[in-house]
Every structure is written in structure tokens, then in C-alpha cells.
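Heads up, the thing below is written out as C-alpha cells.
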Amino acid sequence: MKIGILECGRPPEVLGAKLGQYPSMFIRLLDGNGFTFQSWHVEAMEFPGNVHDADGWLITGSRHGVYDDLPFIARLEQFIRDAFAANVPVVGVCFGHQAMAQALGGTVAKYQGGWAVGAQDYSFDTGPLRLNAWHQDQVITPPEGAQTVGWNAFCAHAALLYPGHGFSVQAHPEYSDAVIKGLIDHRGRGVVPDALLDRAETELGGAQGDVIAARIAAFFKEHAQVQA
């Protein structure tokens, strides 16, 4: 089964050189499920030919906001709608979570409550989970038909299920503690309040990204129509 990774951004250069780009993080996360992978750097306008170039699609995070006036975002949103119409499953993480919601009629905005950085505790429909996060934007109003399956007091729609079509999560199951530490050092200072970064650094540990990885893998396997 082939998973197409739509790369919507890249980590700071020093971090990418040490820990890899976002596609490699997802490949490590989903290793052992029998998937093959191909990535497209959609942020640079490198898109698949059509939605059937993979059996399922995974949309990565990004430093951009989905409301930014960038050419790749409108094209990505149309790709999401086309995949849904063709019954090709889509999974989104952070920016990908927001892009799916916006593409399908939901609302995304910069949250007035500030940033979520580092390990966060969530309630999911399957039970409590601790996941690494890095965001200020979030889904404010989900699209019609989307079911909220993950939440906490800071992020009311931390995970969304689009029955039969998509699953998305605001947190980063693919981020190891080393990635969070790297973002604190190389992207966070001067952007995120220092007190929040310092607290996040001291509270790292215990993230259960493997639980979300299993859910993503199961979703793809259940809903993909694998091409012969």
C-alpha cells in the first residue's frame, strides 16, 4: 500500500540535517505497517498528477498558516476535496489538520489563548493521550460532518474524523522530544514566549505518538482502495 506524503514545510535547516525532513519523520512513525512511501514538496508547488497516485495521502505540518496567501494552499485544498470525492483517504497533521478543515468549509484562526508547545494532555474518544504539539493556529469551527474525536481545554477540536474519508490531528505524533527541543532552540526563541518554551523543555517526555501512528495506519488500511 502506497502512502503519498504532501510536504507543506520544512524544519529549520540545522534540525533537518540532524533529524531529517518531515517525510522521513512520518516514515519512521509508520514503519512496520507494510506501507511504501513517496513524497511531494507541495510547498514548492510540486504536486502529484492526480489523487490516485497513492492509495492514501498524509499532509504534514508547516510554519505557514492555512489562511496565508500562498499559491500552494489553494491547490492543496482542491486536492483534498478531490481526494474526498474520489474516496481516497486523507490524514492531516497540524497544518494538514487545519488545511483539511478549511478546504471542507471549517474555520481556522490564530488562537487568542496563545501557543501550545511540547507535551500536551488530550482526551480522545479512545481515552487520554499525551502528545507533542507546536501550534498557535487551530480549528475553531469544524466542517459539517466532521466529528471531534480529540480535545482539551486549550484546543477544542484537537482531532477530527471525517467518516470514511479522513482523519486529522492538531498535535505532532511524528515529533520526538529531540524535534521539540530543536524547535525550541532554532525556531521558538523570539516567536513563542520564553517562559512557555522553558516550561515545555522541562516537561518533555511521555508522548504517545505510537498510539496515533497505529490509528493512522488502521485508518489507511480500512479505507484505501489499493490500486492493482
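Here ALA153 fits the description: farther than 16 Å from ALA213 by Cα, hydrophobic (A, V, I, L, M, F, W, C), surrounded by fewer than 18 Cβ atoms within 10 Å (Cβ to Cβ) and more than 17 Å from the chain's Cα centre (by Cα).
Within the option set ALA158, ALA195, ALA146, being on the phi < 0 side of the Ramachandran plot, aliphatic (A, V, I, L, M) and under 15 Å from the mean Cα position of the chain (by Cα) holds for one residue only, ALA158. Screening the range 218-228 for residues that are touching a residue at least 12 places away in the same chain (Cβ under 8 Å) and not in a helix (DSSP H, G or I) and picking the one that is surrounded by the most Cβ atoms within 10 Å (Cβ to Cβ) gives ALA224.
In the range 78-90, which residues are surrounded by fewer than 17 Cβ atoms within 10 Å (Cβ to Cβ) and of a type outside the set (S, T, N, Q)? Show your work before the answer.
We begin by selecting, within the range 78-90, every residue surrounded by fewer than 17 Cβ atoms within 10 Å (Cβ to Cβ); these are 78, 81-82, 85-87.
Scanning the range 78-90 gives ARG81, ASP82, ALA85, ALA86.
Within the range 34-46, does at least one residue satisfy the condition of being under 17 Å from ARG215 (Cα atoms) and of a type in the set (Asp, Glu)? No, the conditions are met nowhere in the range 34-46.
Only one of ARG215, ARG189 is charged (D, E, K, R) and touching a residue at least 12 places away in the same chain (Cβ under 8 Å); which?
On the way: ARG189 fails: touching a residue at least 12 places away in the same chain (Cβ under 8 Å).
Result of the check over ARG215, ARG189: ARG215.
Here LEU131 does not qualify as farther than 27 Å from PRO193 by Cα, crowded, with 24+ Cβ neighbours inside 10 Å and not small (Gly, Ala, Ser). Across the range 176-214, the number of residues qualifying as surrounded by fewer than 19 Cβ atoms within 10 Å (Cβ to Cβ), assigned to a helix (DSSP H, G or I) and either touching a strand residue (DSSP E or B) at 6+ places or on another chain (Cβ under 8 Å) or among the aromatic types (Phe, Trp, Tyr) (or both) comes to 5.
With the condition being closer than 25 Å to LEU161 by Cβ and of a type in the set (Ser, Thr, Tyr), I'd like the helices (runs of 4 or more DSSP H) fully within the range 1-101 carrying at least 1 qualifying residues.
Details: elements: 13-19, 22-29, 71-85.
Because the criterion is at least 1 residues that are closer than 25 Å to LEU161 by Cβ and of a type in the set (Ser, Thr, Tyr), the helices (runs of 4 or more DSSP H) in the range 1-101 that meet it are 22-29.
Candidates are the residues of the range 8-44 that are over 22 Å from ALA207 (Cα atoms) and among the small types (Gly, Ala, Ser); the one that is modelled with the lowest pLDDT is ALA17.
Which of the residues that make up the range 30-54 are of a type in the set (Val, Ile, Thr) and surrounded by 12 or more Cβ atoms within 10 Å (Cβ to Cβ)?
Of all residues in the range 30-54, those of a type in the set (Val, Ile, Thr) come to 36, 42, 51.
Scanning the range 30-54 gives VAL42, VAL51.
Taking the conditions exactly as written (touching a residue at least 24 places away in the same chain (Cβ under 8 Å) and closer than 23 Å to GLY150 by Cα), does ALA101 satisfy them or not? For ALA101, the condition - touching a residue at least 24 places away in the same chain (Cβ under 8 Å) and closer than 23 Å to GLY150 by Cα - is met.
The values are calculated or read from the model by the stated rules, or taken from the named source; none is laboratory data. The structure displayed is predicted, hence computed values, not measured ones. When we count neighbours, we look across all protein chains shown, and the Cβ atoms used for this are built from the backbone with ideal geometry, even at glycine.
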